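Asks: Quick one: structure below, then a few questions.
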Amino acid sequence: MKRQRIVAGNWKMNLDFNEGRDLAIGIIRSIGSSDVLTILCPPFIHLHYISVLTNGIANIEVGAQNCHSARNGAFTGEVSAAMIKSTGASYVILGHSERREFFDEDDALLAEKVNIALASGLHPIFCCGEKLEVREAGTHEHLVRTQLENGLFHLDSDVFAKIVIAYEPVWAIGTGKTASPAQAQEMHKFIRSLIAERYGQEIADSTAILYGGSCKPDNAAEIFSQPDVDGGLIGGASLKAADFVAIVDSFPQS
Ligand code: 13P
């Protein structure tokens, strides 16, 4: 079964309107037509403009970095999944470790966000991953299992098929410390086995699982060559068009 290969750029809280426009244009100009799906995930202010820029380009999509769990209402400063969808975006990152850590997002809230995102026509890119102390204690698989069971596995199989998973070990995010290709493969294989347990092998084999955490042009090829790694969720290196496009071009020839 051939899975969708994906490289998503998480710009986090970087780039004003003009900088974001220039980066998006730089990426669009230099990305070739390949079967890799590229997803640009800028801050909300860029979503509509970049969706217009990428409209009609088959292998580039746009995603947000968060949404609120409610459909609409008195939540000053928040943005709903339906609003994101109306900009032309089609993905939303949910459960990023920075949201879990700095905005106290727990698994129960994330399950609600997953539901509203799907109901609004967005594909969640659902993040999971352990902190350093959890890895050192050897309980990282248990933690990731809990995150997936609580945040995602309530879904029925027909909607689960719309999910992209990103494994991002927190100790590798922005630290320059990547998980070794073997560590990434081990966890991705484990995640796929959990999906198989819950939804069956066919759905497990068709779910894209991305790696995130200090992924750069010089290490992407080795990580992407692992059999259960279907691409990357890229932070720092997604802010430079040349680096990001080099990562998109890092898959082994199929
Ligand atoms: P870095 O690539 O900067 O380590 O960030 C990874 C990340 O958090 C992507 O969501």
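The values are calculated or read from the model by the stated rules, or taken from the named source; none is laboratory data. These numbers were taken from a predicted model, which means no experiment stands behind them. Methodologically, a virtual Cβ is constructed for each residue, glycine included, from the backbone with ideal geometry; neighbour enumeration extends over all protein chains shown.
Asks: Being surrounded by 14 or more Cβ atoms within 10 Å (Cβ to Cβ), free of Cβ contacts under 8 Å to residues at least 60 places away in the same chain and over 26 Å from Thr38 (Cβ atoms) is the requirement here; does Leu148 meet it? Walk me through how you get there before you give the answer.
Replies: Details: surrounded by 14 or more Cβ atoms within 10 Å (Cβ to Cβ): yes; free of Cβ contacts under 8 Å to residues at least 60 places away in the same chain: yes; over 26 Å from Thr38 (Cβ atoms): no.
No.
Asks: Now for a different question. Checking Gly176 against (1) under 18 Å from the mean Cα position of the chain (by Cα); (2) within 12 Å of the ligand (Cβ to nearest atom): exactly one of these is not met. Which one?
Replies: If we test Gly176 against (1) under 18 Å from the mean Cα position of the chain (by Cα); (2) within 12 Å of the ligand (Cβ to nearest atom), just (1) comes out false.
Per-residue answers, yes or no, for (1) in contact (Cβ under 8 Å) with a residue 60 or more places away in the chain; (2) within 11 Å of the ligand (Cβ to nearest atom):
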| position | (1), (2) |
| --- | --- |
| Leu155 | no, no |
| Val170 | yes, yes |
| Asp230 | yes, no |
| Leu239 | yes, yes |
| Asp243 | no, yes |
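Asks: Got a sec? Which of Val164, Val134, Val144 is over 26 Å from Ser80 (Cα atoms) and within 16 Å of the ligand (Cβ to nearest atom)? Walk me through how you get there before you give the answer.
Replies: On the way: Val164 fails: over 26 Å from Ser80 (Cα atoms); Val134 fails: within 16 Å of the ligand (Cβ to nearest atom).
None of the others qualify; the one that does is Val144.
Asks: Moving to a separate point now. Residue check: is Ile209 at pLDDT 95 or above, surrounded by 18 or more Cβ atoms within 10 Å (Cβ to Cβ), within 15 Å of the ligand (Cβ to nearest atom) and closer than 23 Å to Leu94 by Cα? Lay out the reasoning, then the answer.
Replies: On the way: at pLDDT 95 or above: yes; surrounded by 18 or more Cβ atoms within 10 Å (Cβ to Cβ): yes; within 15 Å of the ligand (Cβ to nearest atom): yes; closer than 23 Å to Leu94 by Cα: yes.
It is true that Ile209 is at pLDDT 95 or above, surrounded by 18 or more Cβ atoms within 10 Å (Cβ to Cβ), within 15 Å of the ligand (Cβ to nearest atom) and closer than 23 Å to Leu94 by Cα.
Asks: Additional query: How many of the residues in segment 1-59 are aromatic (Phe, Trp, Tyr), surrounded by 14 or more Cβ atoms within 10 Å (Cβ to Cβ) and more than 20 Å from Pro124 (Cα to Cα)?
Replies: At the first step, the residues of segment 1-59 found to be aromatic (Phe, Trp, Tyr) are 11, 17, 44, 49.
After this cut, where a residue has to be surrounded by 14 or more Cβ atoms within 10 Å (Cβ to Cβ) as well, the list is 11, 44, 49.
Still in the list and also more than 20 Å from Pro124 (Cα to Cα): 49.
So the answer is 1.
Asks: Same structure, new question: Among the helices (runs of 4 or more DSSP H) contained in segment 34-141, which hold 2 or more residues that are aliphatic (A, V, I, L, M) and in contact with a Phe, Trp or Tyr (Cβ under 8 Å, 6 or more places away or on another chain)? Show your work before the answer.
Replies: Numbers: elements: 47-54, 81-86, 97-102, 107-119, 132-137.
By residue number, 107-119.
Asks: Follow-up. In this structure, does Glu98 turn out to be under 16 Å from the mean Cα position of the chain (by Cα) and of a type in the set (Asp, Glu)?
Replies: Numbers: under 16 Å from the mean Cα position of the chain (by Cα): yes; of a type in the set (Asp, Glu): yes.
When the stated conditions are applied, Glu98 passes them.
Asks: Still on this structure: Give me a count of the residues in segment 3-26 that are within 16 Å of the ligand (Cβ to nearest atom), more than 27 Å from His188 (Cα to Cα) and of a type in the set (A, V, I, L, M, F, W, C).
Replies: 3
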